[in-house]
């Protein structure tokens, strides 16, 4: 189609119906978006009307209360401690089951599907929900946060661990089998050397995610810096809130940089 | 040493092996010759039960073979295997790869903790000396060349102190010069140690050079059994059907076999 000195290059629709199927798809998409916008009450008009309030909120946060930093050191350290144990327990939970959830090592397909479903369930429940459950079970404090991260992380790590097992070269496994090695010997001498770098990279990524999650777990009373964040907002101390948010951003950025660099180094080393 | 009666292996409707009867004397160096897809690999893998046979009996060293865990382990301890793609564990050291040949004989629990009896480490060293790789013992196996990796594979097989070595196309991925070196190491070691060797090959020249007895296999049946000097052109035509009819049509091996064209040229020169 020529528009002045320009040409519209769109593939000609095939079939006898011409452009009508495409017009139908476009109309259906428009209806879907309108329906979703109605349900979620997306309204740019409301956003525009709210802008002054957002500006007001931000101005109350400014300047951040630097004196509040002193009170944040302890919760920030606690957040890191929660993330460390959340990651470690997740690894410990995921390790024994990941071999059962790998198609090439599982003893039978019933076990494979059962373990996969368990991993899907633990991964499917959000950390905050898990934290609420564990707070109810073991009381307020950082430990329910650790448990929440461990359970959700085990689901994620188990899935990634087993997927990297499925990608390994089967040749060495067969060779070890033919030497008369037992199943655990095959895992230790044939599987682990092949997956260990991939696993470390995933664990580092999980630690980074856990640190990010640990900053919000405090909102439901599961310890860490999120507790201070919510507390300061409830007391309308928005300058303290700003300090909290800045500390969280710095922590997440630091964790991201460190784990990215470590993972890059490990992957280089594996070549 | 090996006694096979009525061995049949069926994959769905396809018969890979059709009633194989074969006896191998102790200390023999037997070459199984045949085109790709003739059933050579299946025959070897049935002997150590990496592939369970459909029908037939196999006795190794007077013992019937079956799928019970204990008897399978006993069988595989005394029957070592060498693979076309070496199947060494890339990230382990050369020495540890050879030590994996001892996994069937060392205490399991200690081996999980990477602890090996001194006597077994000495055996591994001795086997590395036999293939002249003792100076590479500490290197990571993925730093070695193809021929060196296969020598590690031979050392691993010897470390089992087996009664039988099954070599499945041990030189199919190697250049001619390296192939001769590797086959020489295998033949020398097995002669000196009195190990029975069953070696699959598809190269007629190596079969003539190294085989003491040659068994020709074609479409799942034994079509020739005799000494290398009885391997005449008529016999070769029987092992490689269609070989002499037309130079271009005669392609006994599919393209994945890198040495297949070489083999065909050689066979045609002979014919």
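The values are calculated or read from the model by the stated rules, or taken from the named source; none is laboratory data. The shown structure was predicted, so the numbers you read here are calculated from the model rather than taken from an experiment. So basically every Cβ, Gly included, is an ideal-geometry build from the backbone, and we count neighbours across all protein chains shown.
Here is how the numbers come out for the structure above:
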| item | result |
| --- | --- |
| Residue within the stretch B:39-60 that is within 25 Å of residue B:102 (Cα to Cα), modelled with pLDDT of 90 or more, more than 14 Å from chain A (Cβ to nearest Cβ) and surrounded by fewer than 20 Cβ atoms within 10 Å (Cβ to Cβ) present | yes |
| Only listed residue being part of a helix (DSSP H, G or I) and more than 22 Å from residue A:215 (Cβ to Cβ), chosen from A:50, A:86, A:18 | A:50 |
| Unmet criterion (only one of (1) free of Cβ contacts under 8 Å to residues at least 40 places away in the same chain; (2) not in a helix (DSSP H, G or I)) for residue A:39 | (2) |
| Sole exception among (1) over 27 Å from residue B:18 (Cβ atoms); (2) over 16 Å from the mean Cα position of the chain (by Cα); (3) at pLDDT below 90 for residue B:230, by number | (1) |
| Subset of the stretch B:67-100 that is under 17 Å from residue A:193 (Cβ atoms) and touching a strand residue (DSSP E or B) at 6+ places or on another chain (Cβ under 7 Å) - its residue that is nearest to the other protein chains (Cβ to nearest Cβ) | B:91 |
| Test: residue A:155 is part of a helix (DSSP H, G or I), more than 14 Å from every other protein chain (Cβ to nearest Cβ) and surrounded by 24 or more Cβ atoms within 10 Å (Cβ to Cβ) | no |
| Considering residues of the stretch B:49-82 that are assigned to a loop (DSSP other than H, G, I, E, B) and within 19 Å of residue B:217 (Cα to Cα) only, the residue nearest to the chain's Cα centre (by Cα) | B:51 |
| Of residues in the stretch B:101-110 being part of a helix (DSSP H, G or I) and surrounded by 16 or more Cβ atoms within 10 Å (Cβ to Cβ), the one farthest from the other protein chains (Cβ to nearest Cβ) | B:102 |
| Considering residues of the stretch A:198-222 that are surrounded by 18 or more Cβ atoms within 10 Å (Cβ to Cβ) and within 14 Å of chain B (Cβ to nearest Cβ) only, the residue farthest from residue A:141 (Cα to Cα) | A:198 |
| Check on residue A:241, crowded, with 19+ Cβ neighbours inside 10 Å, within 20 Å of the chain's Cα centre (by Cα), more than 13 Å from chain B (Cβ to nearest Cβ) and part of a helix (DSSP H, G or I) | no |
| Residue in the stretch A:186-196 that is away from chain B (no Cβ under 14 Å), part of a helix (DSSP H, G or I), more than 24 Å from residue B:69 (Cα to Cα) and out of contact with any strand residue (DSSP E or B) (no Cβ under 7 Å at 6 or more places or on another chain) present | no |
| Test for residue A:168: is it within 14 Å of chain B (Cβ to nearest Cβ), surrounded by 18 or more Cβ atoms within 10 Å (Cβ to Cβ) and not in a helix (DSSP H, G or I) | yes |
| Among the candidates B:128, B:113, B:139, residue that is buried (at least 22 other Cβ atoms within 10 Å of the Cβ) and either more than 9 Å from chain A (Cβ to nearest Cβ) or farther than 18 Å from residue B:190 by Cα (or both) | B:128 |
| Wholly within the stretch B:172-243, strands (runs of 3 or more DSSP E) carrying at least 1 residues that are under 22 Å from residue B:8 (Cα atoms) and free of Cβ contacts under 8 Å to residues at least 40 places away in the same chain | B:221-226 |
